[in-house]
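As C-alpha cells, the structure follows; a few thoughts come after it.
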Amino acid sequence: MKPTSRLRQLIDSGGMVVAPFVLNAFHAKIAEAAGFQAVYMTGSGTSAEKGFPDVGLLSQTEMVQNAGYIVNAVSVPVVCDADTGYGNPINVWRTVREYEKAGVAAIHIEDQVFPKKCGFFEGKDVVPSEEMVEKIHAALDARNDPDLIIIARSDAYAVNGWEDTMNRCRAYMEAGADMVFVDGIKTIKDLEAYASDLKDVPRLYNGDLLPTQEVEGMGYKIMICGSTIWLVYKAVKDAFEELKATGMVDPKRYASRMEAADVLGLNDIYEMERRYGVSGVKVS
C-alpha cells in the first residue's frame, strides 16, 4: 500500500495518528523501531541540524532532500513541514510536486509571510486568507496522487487572534484542504477551544500539553510531538558537558555502537553481502 493511502487509512480508522518529530533518517528509524505508525519531518529540527534557527533560512531543495532520506529509511508514512510553500501559489505548485516525488504521505503549508518563523517564535506575520486559499488551490492542482494529504496550517492566532484563526481554518477547508493545523497552541484551554470550535473539521495538533490518549479523546486526527527533538539537544549537551568536566561520559548514558547499527540495518547489509558473495572478497 502506498504511504499516502496508508496514512489516510490510519486517519479514517477513527483513532489518532501520533507522529514524533524526527530531524533525520536515523531518528526516523528509531521512531519506527519504537512502534510509531508515522513520523513527522520537522522544519525546526531540519533547520537545527543545518545549524540554523527556524526562521525560514532553509530552501525548498534542502527540505525536500531531507524528506527523501527519511522516506527511504522507513516504511511508515512521513508527514512533512513544507513551510509557506516557498513563495506564491506557483511556488506552492512546484513544492507539492517535489515533496510528492520524494514519497511523503502528507505536507502542511502555512499562511505566514515568507520568510516564516517557528510557530512559537515572536515576530510572525500572516498573509491575507485569500492568498492562502489560492495556495491551497495550487497545492490541490499540483498533486498527482489524490491520497497525498494537504494540511493547511494557520499561524494567525498570535497575530490576529482566535476568531480570525477559526475563520481562516474554515475558509481553508472550504478551499479543499484535507485537514487544518493551528500552530502556537500554548495552553490546555487553547487546545480545548481548538477542538470544540472546529469539532467537525479534521485537525492536527502540534505540542505536548497532554498525553496522546487525552488528545485523541478530543477528536484530533494527527498529533506531532516535538519534545523528542529537544530531548536530543539536552541529552547531547549534558553528555558533552560531562565529557569536558570529567574526561569521559558514563557508559550507562549511551547505547552500544552495535545497537545503533542494528537499527540502521547493519544485519541487512551482512545478509546482502552473503547473498551476493561480497563478504570476504579480496581486492586485487
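The values are calculated or read from the model by the stated rules, or taken from the named source; none is laboratory data. If you're wondering where the values come from, they're calculated on a predicted model, not measured in any experiment. No Cβ is skipped: glycine too gets one built from the backbone with ideal geometry, and neighbour counts run over all protein chains shown.
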_Hey, LEU266 closer than 28 Å to ALA19 by Cβ and outside the structural domain of ALA34 (by TED's automatic domain parsing) or not_ = yes
*asked:* Please determine whether any residue of segment 205-222 is part of a loop (DSSP other than H, G, I, E, B), in contact with a Cys (Cβ under 9 Å, 6 or more places away or on another chain) and in the same structural domain as ASP178 (by TED's automatic domain parsing).
replied: yes
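Conditions (1) modelled with pLDDT of 90 or more; (2) out of contact with any strand residue (DSSP E or B) (no Cβ under 9 Å at 6 or more places or on another chain); (3) among the aromatic types (Phe, Trp, Tyr), marked per residue:
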residue: THR228; (1), (2), (3): no, no, no
residue: LYS237; (1), (2), (3): yes, yes, no
residue: GLU242; (1), (2), (3): yes, yes, no
residue: ALA245; (1), (2), (3): yes, yes, no
residue: VAL263; (1), (2), (3): yes, yes, no
residue: TYR276; (1), (2), (3): no, yes, yes
*Kindly list the number of the only condition in (1) within 18 Å of HIS27 (Cβ to Cβ); (2) modelled with pLDDT of 90 or more that fails for LYS199.*
(1)
_Single condition SER44 does not satisfy, out of (1) more than 12 Å from the chain's Cα centre (by Cα); (2) at pLDDT below 95; (3) under 25 Å from ARG168 (Cβ atoms)_ = (1)
*Can you tell me which residues in segment 178-219 are of a type in the set (Phe, Trp, Tyr) and within 16 Å of the chain's Cα centre (by Cα)?*
PHE181, TYR205
_Just to confirm my filter: which helices (runs of 4 or more DSSP H) fall fully inside segment 38-102 and include at least 2 residues that are over 12 Å from PHE21 (Cβ atoms) and in contact (Cβ under 8 Å) with a residue 12 or more places away in the chain?_
60-73, 89-102
